[in-house]
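See structure below.
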Amino acid sequence: MPMFRINMIDQFINFVIRPPRAEYNPDQYLWEKDFTLAGRSYKREDLELKNARGHTLLCSHYLPSPIPEDTPLPCVIYCHGNSGCRADANEAAVILLPSYITVFTLDFSGSGLSDGDYVSLGWHERDDLKVVVSYLRSNKNISRIGLWGRSMGAVTSLLYGAEDPSIAGMVLDSAFSNLYNLMMELVDVYKIRLPKFTVKMAVQYMRRVIEKKAKFDIMDLNCLQVAPKTYIPALFGHASDDRFIQSHHSDLIFKSYAGDKNIIKFDGDHNSSRPQFYYDSVSIFFYNVLHPPQISTAHSSKLEKYYDLGDLKVGAGMDESLLYEIFTGLHSARTDAASSSSVPPSVSTAKSVDELLSEIAPVTTVDSMQNENNTPDSLETSHLQDKPNSQNEECCSYTSSNRESWGRCSSLGGSDEESSADCTAADNGHQNTPKGFATPLRSMKKKSSEPLKEDKKKTTPVPKKPKSEKFEKLEALSKRLRLCFLRRVNHRRQRSS
């Protein structure tokens, strides 16, 4: 075989077992050690585990802070793709933590900051996953366990699930049916020019080299052999325009899968951000199979649910006087225009934000507002809440849209300038802000008070409005407040070298 063809095949081998490796700073790319999400506090616990080959695996576990006493919580283990890392689980944490489902994530051997030189597209990663499950089983604060894998991580989850029927459920995003067929497809997709009579010879050469370097046989990596023997409830997902692992791979696995199953197809390619309806389906799926506990908290009141000020909480590193100035202005705006008193209403600083909001307007659900007054204003309020949040994906997602490696499912790559531009666009377009926007506690302390003072100047006494208009104004205020703070939040996500 000519030397240039051998070099080409060697590049293809590295393409499989040594793709670009994610090098990152956990303090920059992971959620902070302490952070808030939708008004609740969470923490990130970092730990190290050893796999059967002696490699150290770097792991992170996202948990409520504090952990509820005497109430075990379910856990979803997020399994990244072949060029991914722990940062890929950032979105999973945002989706699952509010439902009291903890999220565990790791750098597989050969990936990210863990030990190891090669990836095996699921073969050895299955043993890494076994170590993680064993660790969680020994934790008395963990109840049921689910798996969420993407690309290589989906294959890893399926291979492990076939051996452990105690897993409660699996989400399998972009799994391949078997590695041999995938490699043959990639030869065509990436136009690797090999005469047909040399293809078999090339495959045998790649098989020997991969087995020598990465210690696994590509012929053994076949999901179609384990799918008919696996009965764990599974949700399959695949992008319709995926050219790396084409969607028919998921169709084949789905058809042969023995357990309860469902499949979702969506627009996009292998590395594109997943649509919101897919994340909603994942959240519902895990809620049904993991049965998280129902824990009532002070943050789940109807009032906060309607006004949804996110992380705008007194005592979270904010200047309290600014908030009370705003609410003083709101009280002044509600004062009857015929009143002869020129003294601004006083607001008790001993009251919470929720209590102040309840004084501004009565606690009324959106449903009751629509029933009481079916006006265009009330319908517009409902429309704002039900509107597809395309802007949410712009501001909240840390998923890179231009990953260069094949199959890379990584959260690295979002620049500061891009994030700032997205937030500015949201402010200019008056778009709905991210639901449950997560703000690291340390970032809250850097926020400026100038935008809030501008809002105060704009709130002048006006005549009383109908109830629907009042709520519309209050909702607009809520959005303005969040946008003011959103512009100041900078996660310092820089591209890795």
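The values are calculated or read from the model by the stated rules, or taken from the named source; none is laboratory data. Note that this is a predicted model, so its numbers are computed, not measured. Cβ sites come from the backbone with ideal geometry, for glycine too, and all protein chains shown count toward neighbours. Areas reflect the complete protein model, heavy atoms only, side chains present, ligands, DNA and RNA absent. Shrake-Rupley method; radii C 1.70, N 1.55, O 1.52, S 1.80 Å.
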> For segment 92-199, what is the Kirkwood hydrodynamic radius in Å, using each pair of distinct C-alpha atoms?
Replying inline: 15.8 Å
> Got the relative contact order for segment 101-211 handy, in percent, Cα pairs under 8 Å and 6 or more residues apart?
Replying inline: 18 percent
> Got a number for carbon plus sulfur as a percent of segment 71-163's accessible area, 1.4 Å probe?
Replying inline: 45 percent
>> Can you list residues from other chains, or at least 5 along the same chain, whose modelled amide H is less than 5 Å from the amide H of Gly169?
In response: Leu147
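Sort Glu163, Glu69, Glu125, Glu211 from largest to smallest accessible area, using a 1.4 Å probe on the heavy atoms of the protein chains. Intermediate values should be presented prior to the final figure.
Numbers: Glu163 110, Glu69 155, Glu125 5, Glu211 90 Å².
Correct descending sequence by accessible area is Glu69, Glu163, Glu211, Glu125.
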> In debye, nearest 20: dipole of segment 2-133 around its Cα centre with unit charges on the Cβ of K, R (+) and D, E (-)?
Replying inline: 320 debye
>> Treating segment 1-152 as a set of equal point scatterers at the Cα positions, no solvent, please give the Debye-formula log₁₀ I(q)/I(0) at q = 0.10, 0.12, 0.18 Å⁻¹.
In response: -0.38, -0.52, -1.04
>> Could you report the accessible area of Lys33 in Å², rounded to 10, computed with a 1.4 Å probe on the protein chains as they sit in the structure?
In response: 100 Å²
>> Can you compute 3J(HN,Hα) from phi for each residue in segment 137-143, using the Karplus curve 6.51 cos²θ - 1.76 cosθ + 1.60 with θ = phi - 60°, rounded to whole Hz and x for Gly and Pro?
In response: 4, 7, 8, 5, 8, 10, 9
> How do 198-207, 144-153 rank on mean C-beta neighbours within 10 Å, highest first?
Replying inline: 144-153, 198-207
>> If you average the alpha carbon positions of segment 204-269 and of segment 115-156, how far apart do those two centres end up, in angstrom?
In response: 16 Å
> Residues of segment 56-179: accessible area per residue at 1.4 Å, in Å²?
Replying inline: 24 Å²
>> Under 5 Å between amide hydrogens, which residues at least 5 positions from Val76 or on another chain qualify, with H placed 1.01 Å from N in the peptide plane?
In response: Thr102, Val103, Phe104, Gly146
> ³J(HN,Hα) across segment 239-247 via Karplus (A = 6.51, B = -1.76, C = 1.60, θ = phi - 60°), whole Hz, x for Gly/Pro?
Replying inline: 7, 5, 9, 6, 9, 7, 10, 5, 5
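Quick one: dipole size for segment 132-236, taken about the Cα centre, charges +1 on Lys/Arg Cβ and -1 on Asp/Glu Cβ, in debye to the nearest 20.
320 debye
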